[in-house]
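**Q** Have a look at this one.
The values are calculated or read from the model by the stated rules, or taken from the named source; none is laboratory data. Just so it is clear, the model here is predicted, and its values are computed rather than measured. Note: ideal-geometry Cβ built from the backbone for every residue, glycine included; neighbour counts use all protein chains shown.
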Amino acid sequence: MTADLVIRPISGPEEIGLFNTLPGPYNDVLAEDLGKGLCKPDWMWVALRGGHPVARVGWWSRNGTKPEVLETLDIDDTSDDPDLIDIAARLLRTAMDAVLPADTPSPKFALQPVPVRWREDPVAGRRIRERVEVVERTGGKLFVERLRYRWTIGTPLPEPPGRLAFRQVRDDEDAITLLARILPGTLDRYSQADISRSSIEEYAHEQYHQELLSYPSPRDWWRIGMDTDGEAVGMVVPARSPYGFVVAYIGVADDHRGHGYVDDLLIEGTRLLAAEGAERITADTDLANTPMAMAFDRTGYANFAGRIDMGWD
């Protein structure tokens, strides 16, 4: 029965408790994010039945100017109501029409954390498939599945192989030029998609300015790996996000792949963050990017979760 269904945004910070009635991975930080302007009350919508939330959706932004990612999509997992997926899809469609500017690309949906072996888990599998179906009913499609890795203090790090010397990034052009050498042949699905819409040089410039420089940590942490001939062969971007220490980017120049230099770069970046006081470091890679996943395994990172990214054309 949906006759008593109410779909609306929360009225303000005073209703964060109502929004958080449904469990979710960000409940402990949503109030803080709301206070910082990283999310807004009119980006956070609920479907209420009898005054009780049965579904919710919410967007997040790095700087609060416009919605960047649909990070919250939850339904009442305790209910066996067959209409619940329909209700959640109706909620999402209504909220998207109200929240997202007309004639602009829809932000992606990031479903996380996803258990490592969710397909083998009946409970987790059902939960994830239901949320995927909600997005699909609004026209969304799977974009990429990713693996989440974590290194924690006390985990032994391999000794640096010693094949590369490391230096800081000299200036903008230094980093952008190397990014343009890394991008050909990349296995990263997002980079592949962005390259297909622009030139490699244009995307390298965009990635540098809009993504890598968005981290609040200093560029002095970034490291470029140099081979014995003094040529730059790759770059690692150890960083700090609003939620902790991360390996924000790592890549090897296309003409230097196949030598295992990704291990050298990852070890260097991890050691730098550990020296900066990191007790936990997280990093992501695509499910299909086996070489990167193997490098994380070799360096002592544990695959603790996954992520499913979906999008709308």
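**Q** Would you call Ile87 at pLDDT 95 or above, among the hydrophobic types (A, V, I, L, M, F, W, C) and either in a loop (DSSP other than H, G, I, E, B) or in contact with a helix residue (DSSP H, G or I) (Cβ under 7 Å, 6 or more places away or on another chain) (or both)?
**A** no
**Q** Separate question: Among the residues of the range 227-239, are any of a type in the set (D, E, K, R), in a helix (DSSP H, G or I) and assigned by TED's automatic domain parsing to the domain that holds Gly269?
**A** Scanning the range 227-239, I find no residue that is of a type in the set (D, E, K, R), in a helix (DSSP H, G or I) and assigned by TED's automatic domain parsing to the domain that holds Gly269, so the answer is no.
**Q** Considering each residue of the range 86-108, count those that are β-branched (Val, Ile, Thr) and closer than 16 Å to Asp4 by Cα, and give that number.
**A** Summing the residues that are β-branched (Val, Ile, Thr) and closer than 16 Å to Asp4 by Cα in the range 86-108 gives 1.
A quick yes/no check of all residues on (1) touching an Asp or Glu at 6+ places or on another chain (Cβ under 7 Å); (2) farther than 24 Å from Met310 by Cα:
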site	(1), (2)
Val6	no, yes
Pro9	yes, no
Ile16	no, yes
Asn20	no, no
Trp43	no, no
Arg49	yes, yes
Leu70	no, no
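**Q** Condition test on Ile182, is it within 16 Å of Tyr261 (Cβ to Cβ), among the aliphatic types (A, V, I, L, M) and at pLDDT 95 or above?
**A** Here the answer is yes, as Ile182 does meet what is asked.
**Q** In the range 96-107, is there at least one residue being under 26 Å from Arg129 (Cα atoms), touching a Leu at 6+ places or on another chain (Cβ under 8 Å) and outside any loop (DSSP other than H, G, I, E, B)?
**A** Checking the range 96-107: not a single residue is under 26 Å from Arg129 (Cα atoms), touching a Leu at 6+ places or on another chain (Cβ under 8 Å) and outside any loop (DSSP other than H, G, I, E, B).
**Q** Being over 27 Å from Leu212 (Cα atoms), among the basic types (Lys, Arg), surrounded by 13 or more Cβ atoms within 10 Å (Cβ to Cβ) and out of contact with any Cys (no Cβ under 9 Å at 6 or more places or on another chain), is that true of even one residue in the range 131-154?
**A** Yes, the conditions are met somewhere in the range 131-154.
**Q** Let me ask something else about it. Just to verify a result, which residue in the range 279-310, among those that are assigned to a strand (DSSP E or B) and in contact with a Ser or Thr (Cβ under 7 Å, 6 or more places away or on another chain), is surrounded by the fewest Cβ atoms within 10 Å (Cβ to Cβ)?
**A** Arg280
**Q** In the range 142-198, what residues are under 25 Å from Ile281 (Cα atoms), polar (S, T, N, Q) and assigned to a helix (DSSP H, G or I)?
**A** Ser191
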